[in-house]
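The structure under discussion appears below in the form of structure tokens.
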Amino acid sequence: MKAIVYTKYGPPDVLELKEVEKPTPKDNEILVKVYATTVTAGDWRMRKPDPFLARLYNGLIRPKKVTILGFELAGEVEAVGKNVKLFNKSDQVFAFTGFGFGAYAEYKCMPEDGVAKEGLVAIKPANMTYEEAAAVPTGGTAALCFIRKGNIHSGQKVLIYGASGSVGTFAVQLAKYFGAEVTGVCSTTNLELVKSLGADKVIDYTKEDFTKGGETYDAIFDAVGKSSFSRSKRSLKKKGFYLSVNSLTSPKTEDLIFLKELIEAGKIKSVIDRRYPLEQIVEAHRYVETGHKKGNVVITVEHNNKT
């Protein structure tokens, strides 16, 4: 099968299209024919690596544990292990691949009922394309975990810093779904996008510092990891929550299923900035690493026999 492989750390150019062995599912696994994946911050940070801690996980000198990146995917079940009960051949699925990565390939094996570290998979929302669905698992589950951690509910005022990114676009929609009054912070070019997702107010961070506006919030969620509690605390109410995407989350399969139901009910959607074919993964990584993408950057995976 075709896959994007990297054997050394560095700039986007270290990613190479190669022929590798097609995986075979274990008894508790499904084999997914991948039609779409994405470029997330987790992908380019592991490639670079940034932070240095990525080397402790994946090899000090060169990548060893993970040589095929890709944190999320959407595709079709091609084969199932003999003990699999939840999925059947030809099911359309979307998945978070966990710390095994591996979605930058034509095929990926996923555990039927895994944990976040190993990967999570669920039936794809019926009203989404593969490209739209591939953009949900990472940003969607992260946003959901933080919204729940902050116990966001009706009547609260919530500020989302970095509202136009992958996590931020889902966080705006989820906070609105749970009944909060939402203020989104983003750049000038993304103000209309964030408004279209349901934000009640938007702040252009290039022109205004939200910490100096005098407004206080029940929760502040930094969805891009560029703020801090010390800087934000003056804008929090007395018992307010400060949440940061830099904190670890542990999503569950049930979270994917919950997001699927909200998507099918028309409550949330994925935002796609750009699409690239797998063969242009270098250009996609280069763009995402600039830090200026809106929502998600999707990678399409073509198969010669795709119908």
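Values as computed for the structure displayed
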| read-out | value |
| --- | --- |
| Residue pairs, from the table K2/K117; K33/K124; K2/K85, whose Cα atoms sit over 22 Å apart | K2/K117; K2/K85 |
| Contour minus Cα-Cα distance for F52 and S154 (0.36 nm per residue) | 32.7 nm |
| Residue order for V282, V288 - accessible surface, 1.4 angstrom probe, largest first | V282, V288 |
| Gaussian network model of the chain, springs between alpha carbon atoms under 10 Å - residue of V202, V297, V136 with greatest fluctuation | V202 |
| Positive dipole terminus of the chain, leading residue within G114, I281, P63 (C-beta point charges) | P63 |
| At R0 = 35 Å, FRET efficiency that the Cβ-Cβ distance of K85 and R286 yields, to 0.05 | 0.25 |
| Relative contact order %, region 44-166, counting alpha carbon pairs below 8 Å whose residues are six or more apart | 20 |
| Binned Cα-Cα distance frequencies in the chain - 20 Å width, integer % | 35, 56, 9, 0 |
| Trypsin sites (Lys or Arg not before Pro) restricted to region 113-203 and DSSP loop, no more than 12 other C-beta within 10 Å | K117 |
| GluC sites (Glu not before Pro) within region 14-90, DSSP loop, no more than 15 other Cβ atoms inside 10 Å | E21 |
| Residue among T188, Q156, L144 farthest towards the positive dipole end of region 141-291, charges placed on Cβ | Q156 |
| Most mobile of D13, D91, D209 in a GNM of the chain (Cα contacts under 10 Å) | D209 |
| Magnitude of the charge dipole, region 1-150, Cβ model with Lys/Arg +1 and Asp/Glu -1, debye to 20 | 540 |
| Choice from K269, K124, K212 showing the highest fluctuation, given a GNM over the chain with Cα pairs closer than 10 Å | K212 |
| Dipole magnitude of the chain about its Cα centre (Cβ charges: Lys, Arg +1; Asp, Glu -1), debye to nearest 20 | 940 |
| Region 40-157: C-alpha gyration tensor shape, a/c 1.5 cut-off, then a/b vs b/c | oblate |
| Simple Cβ-charge dipole of region 123-276, Lys/Arg +1 and Asp/Glu -1, about Cα centre, in debye nearest 20 | 460 |
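The values are calculated or read from the model by the stated rules, or taken from the named source; none is laboratory data. Bear in mind the structure is a predicted one, so any value in this text is a computation, not a measurement. Please note: Cβ atoms are built from the backbone with ideal geometry, for glycine as well, and neighbour counts cover all protein chains shown. With ligands, DNA and RNA removed, areas are computed over all heavy atoms of the protein, side chains included. Shrake-Rupley method; radii C 1.70, N 1.55, O 1.52, S 1.80 Å.
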